[in-house]
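Report on one structure; see the data block that follows.
Only the coordinates and a few stated rules stand behind these numbers; no lab work does. Note that the coordinates shown come from a computational prediction; the quantities given were computed from them, not determined experimentally. Quick reminder, even Gly has a Cβ in these numbers, built from the backbone with ideal geometry, and neighbours come from all protein chains shown.
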Amino acid sequence: MIAPEGAELGRALRLEVPITFSPEPLDGIGQAAAVIVEPVRKLRTTHWDTAELRLARWGVSLEYSADPGWVLRLPPTGEGMAAPDGAELHFDGSPDQPSDQALQLVRVYARNAPIELVARLVTVTVETVLLDADGAVLARLVDDTVSVYSGPRITQRFREIELFSDSGPLLDLIATRYQSAGAQPSRPRALVARALGLVGTPPPEVGSVTLGGAATAGDVVRRSLSTSVIRLIRHDPGVRLGVHPEDVHQARVATRRLRSDLRTFRALLDESWAERLRDDLRWLGGELGRVRDAEVLRDRLRAAAGTLPPADRRPALAVVAPLGTQVGSARRHLVNAMNTERYIDVIDHLVAAARTPVLTELSASPAREVLPGLVRKPWRSLRSGALAARGDVPDEQLHDLRIRAKRCRYAAEAAAAATGKNAAKFAREVAALQEVLGELHDAVVAEAWLRDRSAAPRVHETALFAAGELVAQQRDAAARARTGWPAVWKRVEEGWSRAWR
């Protein structure tokens, strides 16, 4: 069902109704002064998926109609390309075969399973608009009657009505009237699943894991692995499109968390099984990191150039311009890697790992008893690194401390899911330490790049002056971070003592 123009009205409710459904007219309901019935629309669509409905199981739909052509709907990610309301992408192409670009964007979901025609639908839509006395829209009702075809024969028909309104009481009033006439709330399922006569959409390949008070250590492992695998897969289309740098960032975070979890949960996992996953993630993380590091450096120096006096901004932007080319080159390399069978094999391995991790006997123990001990190792590593980093130490040593902080944070966050809010607060304190040390690292990397760039041939004197201003900014940022991290570390130490109470 495609929401109509104007469906941005605040609330929505979908109802299933009999084909012969005929409720009382809505004239005079609530504050409605006029009821307008729009002309009937008919839409013929073909729906494409794998035989197992892998796309639908992940909340993805791929369909074709004469107008607007191929439509791909992706689920929301919360960050990046598919912003909170999800993403709807349109492609040209023959009705007999999805466009190559659309197939590329769903490959992470389908992987080696072929995409094929799974349903042919004809939808007849009647839209009703309720207006108040001033002509403002109070509610919209979209009444869809769907016929499912096999060749020339109708194999199934069903009908749904979706209600949209900013007024909760009006929406409830209409729903109550319709339900008294035989309507019922629609069960959550993909349209293609209902067209195929399924009671519900088959469960996703990787589902989120909810932890209760009796959670085992193995339950925490499953939750951590599944959360990161879902994040990685959800951001794959955005990485390929390159619309928003947050997609690469989130995909890289997913690989880093997975590697960290495999290290933290070492005692709970079969070692040879975990090592194969580490190899996969090491390769993928490197491909993502090449792009992410270049994007961070580019965006940092572009922002810094924008703060310079007007006369210096243009030469400063000219200094950092090569970073745009560097990002583009790294992105092409990444997408090429994602188009290989090796990448698809990695995703297959990760999906299988999230579904059925190979666990040791210790994983059956209660999470609250096991997890604090597993976090102690990354904590001891972080603490020893912080004590050794006091005073005037090399930048590389503080970068190593940042890596230790990241590992400790991920371990604490994984444990906090089953051990409580004190552990979660400790994880936030470690994240703050990671952030200030990350600022130091980024400033040091930016200064080094600027110095190399200034040494390149054919750099104009005005550009050299602007580069010098940028270097000064980065040195100031690094100095602030160097001065500031010990105070943040003190809060981390205090937080550890409370984390497992």
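Can you compute the helix-only [θ] at 222 nm over the chain? Use -39500 (n - 2.57) per DSSP H run of at least 4 residues, normalise by all residues, nearest 500 deg cm²/dmol.
Helix-only estimate at 222 nm: -19000 deg cm²/dmol.
Arranged from highest to lowest average of other beta-carbon atoms within 10 Å per residue, in what order do the peptides 151-159, 305-313, 417-425, 53-61 appear?
53-61, 417-425, 305-313, 151-159
Amide H neighbours of Ala190 under 5 Å, at least 5 residues apart or on other chains, H built in the peptide plane: list them.
Thr201
Which whole-angstrom value gives the distance between the alpha carbon centres of the stretch 378-427 and the stretch 82-137?
45
With 10 angstrom as the radius, rank Arg475, Arg194 by how many other C-beta atoms surround their C-beta, starting from the fewest. Intermediate values should be presented prior to the final figure.
Working: Arg475 14, Arg194 21.
Sorted ascending by nearby Cβ count, the order is Arg475, Arg194.
Residue by residue through the stretch 378-389, what is 3J(HN,Hα) from phi via Karplus (6.51 cos²θ - 1.76 cosθ + 1.60, θ = phi - 60°)? Round to whole Hz and write x for glycine and proline.
Karplus values, whole Hz, x for Gly and Pro: x, 5, 4, 5, 5, 5, 5, x, 5, 5, 6, 8.
Would you tally the net charge around Asp67, using a Cβ to Cβ cut-off of less than 14 Å, leaving Asp67 out, and scoring K and R as +1, D and E as -1?
That works out to +1.
Taking the chain as the reference, fit the longest principal axis to its C-alpha atoms, fit the long axis of helix 421-454 to the helix C-alpha atoms, and give the angle between the two in degrees, 0 to 90, nearest 10.
Tilt relative to the chain: about 70 degrees.
In degrees from 0 to 90, rounded to the nearest 10, what is the angle of the helix 271-306 Cα long axis to the longest principal axis of the chain?
Value to nearest ten degrees: 80.
With just the Cα atoms defining each centre, how far is the stretch 199-260 from the stretch 322-353? Give it in Å.
Each part reduced to its Cα centre gives a spacing of 17 Å.
Would you mind ranking Val327, Val137 by Cβ crowding within 10 Å, fewest neighbours first?
Ranking Val327, Val137 by Cβ neighbours within 10 Å, fewest first, gives Val137, Val327.
Please give the net charge around Ala34, taking every other residue with its beta carbon less than 12 angstrom from that of Ala34, where Lys and Arg add +1 and Asp and Glu add -1.
-3
With log10 I(q)/I(0) by the Debye sum over Cα atoms at q = 0.06, 0.09, 0.13 Å⁻¹ as the read-out, I listed (i) -0.46, -0.79, -1.18; (ii) -0.40, -0.83, -1.23; (iii) -0.34, -0.70, -1.22; which label goes with the value calculated from this structure?
Label (ii) holds the value from this structure.
Among Arg257, Arg332, rank each residue by its count of other Cβ atoms within 10 Å, from fewest to most, as a rough exposure measure.
Ordered by Cβ neighbours within 10 Å, fewest first: Arg332, Arg257.
Would you list, by chain and number, the aspartates and glutamates whose Cα falls below 18 Å from the Cα of Lys377, excluding same-chain residues fewer than 8 positions away?
By straight Cα distance, Lys377 reaches Asp261, Glu271, Glu369, Asp400, Glu413, Glu429, Glu493, Glu494.
How tilted is helix 168-180 with respect to the longest principal axis of the chain? Cα atoms for both, answer in degrees (0 to 90, nearest 10).
The answer is roughly 40 degrees.
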